[in-house]
Structure formats: structure tokens, C-alpha cells
Amino acid sequence: MNTTQHQKKNKKALQKHASKKNINHFTDVHGLPCIEKIVRTVVDTPFPIQTNITGKFPEWINGSFLRNGPGKFEIGNQKFNHWFDGMALLHQFKISKGQVTYKSRFLSSDSYQANNENNRIAVSEFGTVSVPDPCKNFFQRFLSKFELPKGTDNANVSFVTYKGDYYVSTETNTMHKIDPETLETTKKVNWSNFIAVNGATAHPHTDIDGTTYNMGNSYCSKGSHYNIIQVPPTKNNSQETLEGAKVLCSIPSAKSGTPSYYHSFAMSENYVVFIEQPIKMDLMKIVTGTLTGKSISNSFFWDPKLKTIFHLVHKKTGKVNRMKYLAQPLATFHQINAFEEDGYLIIDMCASDDGHAITNYNIQNLRKSGEELDEVYNTMCRVFPRRFVLPLNVDNTTPFKQNLNTLPNSSATALRIGKKKVFCTHEDLHGEDLHEYGGLEFPQINYSKYNTRPYRYFYGCGFRHLVGDTLIKMDLQGKHMKVWEQPGLYPSEPVFIPTPDATEEDDGVILSVVITPNKDKSTFLLALDAKTFEELGRAEVPVNIPYGFHGTFKATA
């Protein structure tokens, strides 16, 4: 597949906005192909199978590309409602000496086992309420409506590492420790056994020394709080998991009954950056969900009257910066990078101006076709890469209503508007040509070398559909982009693997699992030269694989 270097072009229909009479339509796209098979239930493949190689995988790549995502969308004759609800299916692409094998295994979670044993949806998920046990009498079923909803341990979002061990995680209290060779579950780990939180993100950050940071909410009589979590880099014995974890800092929610939802956070050399966005959760609706028959997803709402707040927490002291950095309402799920330079904290993220998208990913929407599918896509706001520049040295002498960002070639602004408030506007990290590709999500960088540091390149998926349909490399010097695309193919999150002894930031390979919903048993692992974005090779898998979420590469020594 040839790579195309895209310059400025005329905006296509993707950029057209609907009339002001229908402000909920952000684009006017027609004729989207049906992609229903990206959310089909599959069987797992627990023993390695050979793939069919075309092209070439570099001989120096030696390790396992681990992926996570939903793989089972029906239990008995019942169906899950939301994409996030499907039972976790773990994938391993083992690469050695230019050859690739594949295997997969369903996560042996309590939720998965209970569902299978009862042949029904026995545990509620994000968008699906569990079905009452038919073996209980009417009175027992009535009483069960007054029970607090049980948290799922269906960890289907990502692979993460703590103290050198691999876990799969979602956003509840429970993770599962995984043997990355066999994909078998070795231990269930609950955050609440170590610290007082009610869940944690599936996107922790790791410092150079191995110390890992995460965020988790806590709900108690004193209100709801956002907690910065710190996990030590090493363990004292092989049986340890999260021992030594501590809450570095707790930030109270502005409204205790409706805290903000967050999927991830940002981290620079000295700070953890929490972005309090106007996507809110109604805790009363969550608590009464069993009684009302409503899922957790029904408790989410977007409040565009609220500003976005950036909270800066110093990693060494746990103190929150006295300044609140404000911005217009935005929604962000994934940050690209953050770093400190010349007295500023620079944070790059994928963001949109509307926060309704999470509720649009119902499975029935993903399985629509024709005008109904177009309607779903056109009512979703596009996501684009943005940069905010936060001045760190604001004090009583700092002038008001004057742009504090003096960085050259930066159009982002930061104005002091109050004693402890700075209002920020963003700079676009892209040119007009990105509009043709529906924006960008699932961002990745050369993490091991450039996370928390100044960087030049990031990679992501273009979204001309409900899921990624192109791979994009963005060069921040000049905001140029390179694109890999092929009609009918849907690449997932690109992961960067650095070349051994690399001297340049983009010296490496991009790996992405490409789904082929219109062809049976044709999904493949794609390898691109990260520098040129030219295709190197494909490893075609002779089984069907659904579209997944996140993954990581585990190098073999």
C-alpha cells in the first residue's frame, strides 16, 4: 500500500456543518459502509496458530504484541447493549525472526464465569443491566432491586503494567494479573485492598524509574474525590501486586453528587495533570440503577455550561497547584503527551467540543446500515489533536488579561482572569487536511523515550467512520501528516516499537491490527515503517477478530 503525503486540499463533505436548525449534527456524510461484523462474537484460539506473512516483518522485532477488547456480545439468548460491555478477549501476536503466531483467550473473570454458568447476563456492565435470576421467586427478585449494583471485573480495555507485571484493566476496582505468554489469569487484584478508591483508569503512566501513577475516584460521606495514585516501581517478593500503593493527593469534586468522568490523564516530568471535564456522572442514578432498571451509561450527561479545569499535582509533594487553569467545555478521552519547557507545562490531547459520543457506541448503532448509520456518525462531534500551554510561574505580580504564553510559533493563549484563575485557549496540532480523515483518536508516541519530554511525532487513527479507518502519522514541525489507508480495512490503535539503538525519534515500526469486516477470516497484523509510513508486512490470521481497544508490546530479552 503506497503512502500518500497530504497537503492542503479542499474540505470534503466531512467538514460540512448542518444548518443552525439542527445543531446536533456536526457533519453531513452519506453512504458509510456497514461494519456490523466488527462487533461479532467469536470463539477464542487459546493455542498458537501460524499466520500467513506477506511482505516482511523486521528480524529485530522479538516479543509479543498484546491486545485487549470485547469478543463476546451475547450470552444465551440475551445481548449486551454497549460496545464496552462485551466479554474481554485477550490477544497475543508473538513475533520472532520475521514470523508471527496468534492466539487469544477469553478473560476468566467472575463476570464471564457467572454469565456462562447461568447462560444469561448475570452481572451488569456499563450499558447493560443484569437479568434477574429466574430461579428466585417474585419476592426475592423484588428485594434484589434494592441491592447496590455489583461492580464488574470484565477488564476489556487495556493491558497495563505495575512493578513489571502485566494486568488487564477496565475502570472498576478489579484488575486481573495475566501471564503474557499463556494469556491465562493468574490473580484477581482489587484496588480497594490497598487504597480507598472505587475504581481506577485503564491508562496509568510510568516514570523513568518505574514508578507508576494512576487516578481513581472515591465516594464517601465527605463527598466524591479524584485521587492521584502512586505505585512503587519494584516488589519485595514475587507474590506482590499493588503493595505500597498510596494516594498521593485527593481533589474534591465541585459537586459531590455529579463528579466528572475521566478515561485517562496526563503526566509531565514533575506533574500529574487531571482534566476535570463537563462529562458528568449522576451518582444517585448509578446507586438506584438496579431499582430503576437503568444502566450506568444512563447516568452520564454532558453539561456544556461548565468550564474544563486543569488540575496540576506535583508528583514529589502531592500538592495541588494553587492556580486553576480553565478552558472552554471540551471532551477528552486520550492525551498525547505533556512536558515542561521554559516555565510552561504543555499538554497535548485529542479533544472535541461535545461530550455525547460515549453514549453513541451502543452495539445496535455499530450494526446499523444505510441512512441510520450515517445519522449516528453525523451526530458525533469530531475529535482533533490540540495543545494547551499552562504558565507555571503565575503569582500575585502576574498581570491580568494579558497573554502569558510567549513561546515562539505558538497560538495557544493563557490569560490570568482571577486571583487563582488562568483561562486558556488551545492551538490546533494539525492542518486543514486532517478534516478529510475525520479527526484523530487513539494517539500513541515513542513512549519509552519521549513521554514527559518534548517530542515531534505522534500516531493515531483517522475516523471517517465510527471506528478508525486510516492510520496517521503527525509531524509537529510544520503539522504535516502521512496516511496509510485501504478501502474496507479498519486499523486499530497504532503502537510504536523503537528500533534497537535508534538515534531518531521515529526510527521504528508501527504495529496495528487491521479488521476486515467484509472478508471472512482475513484480519491481519500490519507493520509500517514509522519513519516513511510505508507498509513492511502483514500477518494474516485465519480466524475472525473483533475490533479492540488498547494494547502494548512486550519485548523478549
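The values are calculated or read from the model by the stated rules, or taken from the named source; none is laboratory data. Worth saying up front: this structure is predicted, and the values here are computed from it rather than measured. Backbone-built Cβ (ideal geometry, glycine too); neighbour counts: all protein chains shown. Just so you know, the surface numbers come from the protein's heavy atoms only, side chains and all, with ligands and any DNA or RNA stripped out. Shrake-Rupley method; radii C 1.70, N 1.55, O 1.52, S 1.80 Å.
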K401 basic (K, R) and modelled with pLDDT under 95: yes
Please indicate, with yes or no, whether at least one residue in region 497-509 is in contact (Cβ under 8 Å) with a residue 12 or more places away in the chain, out of contact with any helix residue (DSSP H, G or I) (no Cβ under 6 Å at 6 or more places or on another chain), aliphatic (A, V, I, L, M) and under 24 Å from L466 (Cβ atoms). no
Restricting to region 304-346, name every residue that is over 20 Å from I417 (Cα atoms), buried (at least 20 other Cβ atoms within 10 Å of the Cβ) and of a type in the set (V, I, T). V313, T332, I336
Given the conditions (1) open to solvent by 50 Å² or more (accessible area, probe 1.4 Å); (2) touching a helix residue (DSSP H, G or I) at 6+ places or on another chain (Cβ under 8 Å), every one holds for F384 apart from (1)
Closer than 28 Å to V495 by Cβ, open to solvent by 50 Å² or more (accessible area, probe 1.4 Å), acidic (D, E) and touching a residue at least 24 places away in the same chain (Cβ under 8 Å): does that describe D428? yes
Region 459-500 - residue that is of a type in the set (V, I, T) and either open to solvent by 20 Å² or more (accessible area, probe 1.4 Å) or part of a loop (DSSP other than H, G, I, E, B) (or both) and, of those, farthest from T552 (Cα to Cα): V467
Name the single residue that is most open to solvent (accessible area, probe 1.4 Å) among those in region 265-297 being of a type in the set (S, T, N, Q) and farther than 25 Å from S221 by Cβ. N270
Looking at (1) within 29 Å of K315 (Cβ to Cβ); (2) in contact with a helix residue (DSSP H, G or I) (Cβ under 8 Å, 6 or more places away or on another chain); (3) of a type in the set (K, R), which is the only condition K449 fails? (2)
Condition first: touching a Gly at 6+ places or on another chain (Cβ under 7 Å), of a type outside the set (A, V, I, L, M) and assigned to a strand (DSSP E or B). Can you find one or more residues in region 251-274 that meet it? yes
Subset of region 358-368, residues surrounded by fewer than 19 Cβ atoms within 10 Å (Cβ to Cβ) and either assigned to a loop (DSSP other than H, G, I, E, B) or of a type outside the set (S, T, N, Q) (or both), comes to R367
Does P70 satisfy the condition of being surrounded by 16 or more Cβ atoms within 10 Å (Cβ to Cβ), at pLDDT 95 or above, assigned to a strand (DSSP E or B) and in contact with a strand residue (DSSP E or B) (Cβ under 7 Å, 6 or more places away or on another chain)? yes
